[in-house]
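Notes for the one structure printed next.
The values are calculated or read from the model by the stated rules, or taken from the named source; none is laboratory data. Here the structure is a predicted model, which is why all the values come from computation and not from measurement. In this analysis, Cβ positions are derived from the backbone assuming ideal geometry, glycine residues included, and neighbour counts consider all displayed protein chains.
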Amino acid sequence: MKIGIISAMKEEIQAILNVLEVRKKSTKGMRTYFEGTLFGKEVVIVFSRWGKVASATTVTQLLNDFKIQEIIFTGVAGAIQPEVSIGDIIIGEELYQHDLDGSPLVDTYEVPLLGLRSFTTNHENRIKLKRACEDFFDHIHNYLDHDKLVQFKISKPNIHIGAIASGDQFISRKEQISSILSGLPQVKCVEMEGAAVAQVCYEYNIPYSIIRTISDNANQNAHVDFPKFAHEVASIYARAVLENYLKV
Ligand code: ADE
């Protein structure tokens, strides 16, 4: 059983690479694939870069060149619901492309020829991930000190399982959020890769999970909060959750 682990951010991949027992490293199409053992499991780790094209090409290469049986995409996202706060974790259930609109030929959001408006992640893996996140939050003070949590206003972080919308836009304005929510009112957070990875995995019939830590509120502060958060918090989250998930 070999698991492919992808993130769009260098910071998160670096935190995971720091604990990977690397066996082999190969570079193709400007991406570096690290094969090795992570918390006792065989994995291939890669940093995809941002956006749907970058992540779709990376996951395709990963599935074609390495014998991968499961994909986990981990990263940060912007919250677009009032009950979702910075420091919360979203485990993707349905993945939508909020910028895909072939209407009137097909429905808005529908992926042509697949006839699907969203992709659904594997139920069992969602439950396993939720347990891994709960275990992490129960021991969060072992990973992040009090000052850091206060600095990022993280007090009682929550885990949500729900819809995620991906698109090739960094969301930072009210009008963008209203436009996404007018068509997809159930979406909890926005990011730029999850649905692209989900579509490729669906087409290759490989189970996949998308897990996102909320770094910002998709508002005018989003671009300020986001890089610092990815570096100082999200990378710690990703490593801890993967440790709990892979050790099971
Ligand atoms: N990833 C993290 N925050 C984001 C935002 N506000 N928009 C799109 N992708 C993001």
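What to note about this one:
- Cβ pairs under 7 Å, 6+ apart, first in segment 171-192 and modelled with pLDDT of 95 or more, second within 13 Å of the ligand (Cβ to nearest atom) and among the basic types (Lys, Arg): 189/212; 191/212; 192/52
- Test: residue 108 is closer than 24 Å to residue 236 by Cα, of a type in the set (Ser, Thr, Tyr) and either exposed (fewer than 15 other Cβ atoms within 10 Å of the Cβ) or touching a Gly at 6+ places or on another chain (Cβ under 6 Å) (or both): no
- Given (1) over 17 Å from residue 90 (Cβ atoms); (2) surrounded by fewer than 20 Cβ atoms within 10 Å (Cβ to Cβ), number of the condition residue 162 does not satisfy: (1)
- Considering segment 64-105, and only residues there that are away from the ligand (no atom under 15 Å from the Cβ) and among the β-branched types (Val, Ile, Thr), the residue that is surrounded by the most Cβ atoms within 10 Å (Cβ to Cβ) turns out to be 71.
- The single condition among (1) closer than 26 Å to residue 165 by Cα; (2) basic (Lys, Arg); (3) at pLDDT 95 or above that residue 28 does not satisfy is (1).
- Test set (1) touching a residue at least 12 places away in the same chain (Cβ under 8 Å); (2) out of contact with any helix residue (DSSP H, G or I) (no Cβ under 7 Å at 6 or more places or on another chain) - residue 164 fails condition number: (2)
- Qualifying residue in segment 78-87 (condition: within 19 Å of the chain's Cα centre (by Cα) and on the phi > 0 side of the Ramachandran plot): yes
- Any pair with Cβ under 6 angstrom, 6 or more apart, that starts in segment 91-111 at a residue that is in a loop (DSSP other than H, G, I, E, B) and ends at one that is exposed (fewer than 14 other Cβ atoms within 10 Å of the Cβ): 102/112; 106/112
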